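Only one structure is covered here, and it is reproduced in the block below.
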Amino acid sequence: MAEGTNTSSLSALDEKDCWALLASQQVGRLVVIDGTRPDIFPVNYLVDDGEIVVRTAEGTKLAAAIMIGEVAFEIDEINADTQTGWSVVVHGTARESHTLADAMHDDEIDPEPWASGEKARTIHIAPTDISGRTLQPDHQQPDDSEDLT
């Protein structure tokens, strides 16, 4: 018996599903504009009150996010064996915590980074747009050479 051909379809995720996936993960990619070019940083994060929160140190990531203000954030999960997966992309406005109340709240939720070192600064990303897609298998398609009778 001949093997069939697998096909997959892209489907849009609704906003509720995007937030559920964002809340289920711990690592994402923060995209900033550094001068005239985009740069991507893997970061640990958490979701808090409709925002994405990242603890970081001083440097390019923080400076570019805060100075430009507009960022993108992405998470995904891919299974190469089954050629399936999903992706969520957030576009938003980045700000740093400056008030005492914000700093105290950041310490309570503690978006703890995996990498060692002093990470005393916090970036909050307020989404302006959130979208996601999933790639799921359709069904097994018979091979053209297979006898269907």
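Descriptive notes on the structure:
- Subset of region 9-27 (residues that are more than 22 Å from Thr82 (Cα to Cα) and assigned to a loop (DSSP other than H, G, I, E, B)): Asp14, Gln26
- As a summary of the residue check, Ser87 satisfies the conditions (1) in contact (Cβ under 8 Å) with a residue 12 or more places away in the chain; (2) more than 12 Å from the chain's Cα centre (by Cα); (3) open to solvent by less than 60 Å² (accessible area, probe 1.4 Å) except for the one numbered (2).
- All of (1) touching a Leu at 6+ places or on another chain (Cβ under 8 Å); (2) surrounded by fewer than 18 Cβ atoms within 10 Å (Cβ to Cβ); (3) not aliphatic (A, V, I, L, M) hold for Lys61 with one exception: (2).
- Pairing residues of region 27-42 that are without any contact (Cβ under 8 Å) to a residue 12 or more places away in the chain with residues that are not aromatic (Phe, Trp, Tyr), at Cβ distances under 7 Å and at least 6 apart in sequence or on separate chains, gives Pro38/Val31; Ile40/Arg29; Ile40/Val31.
- Unmet requirement for Thr56, which otherwise passes all of (1) open to solvent by 40 Å² or more (accessible area, probe 1.4 Å); (2) more than 26 Å from Lys16 (Cβ to Cβ): (1)
- One residue stands out among those in region 27-38 that are surrounded by 14 or more Cβ atoms within 10 Å (Cβ to Cβ) and of a type outside the set (Val, Ile, Thr): the one that is nearest to Thr56 (Cα to Cα), which is Leu30.
- Residue within region 108-124 that is out of contact with any His (no Cβ under 9 Å at 6 or more places or on another chain), open to solvent by 70 Å² or more (accessible area, probe 1.4 Å) and at pLDDT 95 or above present: no
- In region 71-84, the residue that is farthest from Thr128 (Cα to Cα) out of those that are at pLDDT 95 or above and surrounded by 14 or more Cβ atoms within 10 Å (Cβ to Cβ) is Asp76.
- For Ala65: the one exception among (1) within 21 Å of Pro127 (Cβ to Cβ); (2) in contact with a helix residue (DSSP H, G or I) (Cβ under 7 Å, 6 or more places away or on another chain); (3) of a type outside the set (Val, Ile, Thr); (4) modelled with pLDDT under 95: (2)
- Selection from region 91-120 of residues that are among the aliphatic types (A, V, I, L, M), assigned to a loop (DSSP other than H, G, I, E, B) and within 21 Å of Glu74 (Cα to Cα): Ala115
- Condition met for Asp49 (open to solvent by 60 Å² or more (accessible area, probe 1.4 Å), of a type in the set (D, E, K, R) and at pLDDT below 95): yes
- Residues located in region 125-137, provided they are polar (S, T, N, Q) and modelled with pLDDT under 95: Gln136
The values are calculated or read from the model by the stated rules, or taken from the named source; none is laboratory data. Just so we're clear, the structure is a prediction, and the values are computed from it rather than from any experiment. Glycine also receives a Cβ, built like all others from the backbone with ideal geometry; neighbour counts cover every protein chain displayed. Note: areas computed on protein heavy atoms with side chains; ligands, DNA, RNA excluded. Shrake-Rupley method; radii C 1.70, N 1.55, O 1.52, S 1.80 Å.
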